[in-house]
Amino acid sequence: MKNPITVSVTGAAGQIGYALLFRIASGAMFGPDQPVALRLIEIEPAMNALQGVVMELDDCAFPLLQSVTTSSDLDEGFNGTNWALLVGSVPRGAGMERNDLLGINGKIFTGQGEAIGRSAAADVRVVVVGNPCNTNCLIAMQHASGVPSDRFFAMTRLDENRAKSQLAVKAGVHSSEVTNLCIWGNHSSTQYPDFYNAKIGGKPATEVINDEAWLQQTFIPAVQQRGSAIIKARGASSAASAANGIVDTVRSLCSPTAAGDWFSVAVCSPGAYGIDAGLIASMPIRTEDGKTWSVVEGVEVNAFSREKIDASIAELNGEKEAVKHLL
Ligand code: NAX
């Protein structure tokens, strides 16, 4: 029996938590022979609800689930953790400006970063989901003393999956036929789903779909606004698909990327593609060994893409400026 992988999840009693924990415990994240230990973190008022979730985890009798602990203490919650999945955050309330939200959540991620630096395992990797996830990730990274910046990620995989699905429907193929789909920039409505480099069945997506107006004017906003469309239809924000995006992100970071392909995740920019070094920005990523990652080089950025990427990076720089007192 392998040693268990310890996974901490914040906001574990929330709706994404409810969809995510059962997938981790069932083996979807680390495979069918890898035991896991869950450390669930919530704020005090949600501890009762969290106990209910733990009862349900117990009732699944998952063969791979080694242990479950709950805590509202960050050092306890991140103690010895290998993967810190930072899902919890405060939602945007009525009348709240984006900068207010950045400030409120920024403070949460300051404390979480510090606790990760103090208490997590030496090999910890951190995936930030709670919005605004890129900038929350930047704050956590700055405060996690001793944890290298290449261990911090913010999630844009749900956006990638949404984009692949939209292209597949348009082309009349299965979504698994769509590869090389990169989300650039911020996880926000300025994100750029790069169809110019995407492939469908190994051919350029622009050749298969052959409708640049649709790709530029319908596809891009459909991906950017998909979260709002789900809220409108469901009366609640994406949860199961977001949890699936987290599972996919961790799996992609842990297993070699298929030859010639890449996946999307926001990383601490090394300055590639004109993206300011140190920003947490989404770009095309590969891993050869499931441990270290690299930015894929040589992806073509045409004038249209450049403008879209620059707009999203400008937004990220604005967010960074708004939280500079927390960095
Ligand atoms: P919920 O409001 O259902 O759950 C959030 C949970 O976080 C609550 O149980 C709350 O008690 C907890 N929480 C709040 N502050 C906390 C803290 N300081 N420490 C620990 N727990 C805390 O939201 P849910 O639908 O689960 O969404 C969670 C976050 O994911 C939101 O910020 C949301 O905007 C973000 N999303 C990010 C996505 C992405 O692609 N990056 C997509 C889905 C989602 O919108």
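Values quoted throughout were computed directly from the atomic coordinates according to the rules given, and no laboratory measurement underlies them. These numbers come from a predicted model, not from an experiment. For neighbour counting, all protein chains shown are included, and Cβ atoms are generated from backbone atoms with ideal geometry for every residue, glycine included.
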Based on other C-beta atoms within 10 Å, arrange SER255, SER238, SER282 from fewest to most.
-> SER255, SER238, SER282
If you count the DSSP beta bridges with both ends in the chain, what percent of them are antiparallel, to the nearest 5?
-> 45
Output the antiparallel fraction of DSSP beta bridges having both residues in the stretch 118-219, as a percent to the nearest 5.
-> 70
Hz values of 3J(HN,Hα) by residue in the stretch 174-185 - Karplus curve (6.51, -1.76, 1.60), Gly and Pro given as x | 6, 4, 5, 6, 8, 10, 6, 9, 10, 8, 9, x
Going from the fewest other Cβ atoms within 10 Å to the most, one would list LYS107, LYS199, LYS2 as LYS2, LYS107, LYS199
Would you mind calculating the relative contact order of the stretch 156-326 from Cα pairs under 8 angstrom and at least 6 residues apart, reporting the percent as a whole number?
-> 25
Reduced to Cα centres, the span from the stretch 192-246 to the stretch 32-52 in Å works out to 32
Along the three principal axes, how long is the chain when you take its alpha carbons, biggest first, rounded to the nearest angstrom?
-> 52, 44, 40
Fewest Cβ neighbours within 10 Å first, please rank GLU177, GLU56 accordingly.
-> GLU56, GLU177
Looking at this model, which pairs from LYS170/LYS203; LYS107/LYS320; LYS232/LYS308; LYS232/LYS320 are more than 18 angstrom apart at the alpha-carbon?
-> LYS232/LYS308; LYS232/LYS320
To one decimal place, what orientation-averaged projected area in nm² is obtained for the convex hull of the Cα set of the stretch 5-154?
-> 8.4
Given R₀ = 56 Å, FRET efficiency for ALA259-LYS107 by Cβ-Cβ distance, to 0.05?
-> 0.80
May I ask you to order 111-122, 165-176, 296-307 by the average number of other C-beta atoms within 10 Å around their residues, highest value first?
-> 111-122, 165-176, 296-307
After finding the eigenvalues of the alpha carbon gyration tensor for the stretch 231-327, what semi-axes result from the square roots of 5 times each, listed largest first in whole Å?
-> 23, 22, 15
1/(1 + (r/R0)^6) with r = Cβ-Cβ of ASP75 and ASN210, R0 = 51 Å, i.e. FRET efficiency to nearest 0.05, evaluates to 0.35
At the level of C-alpha centres, the distance separating the stretch 73-109 and the stretch 153-188, in angstrom, is 26
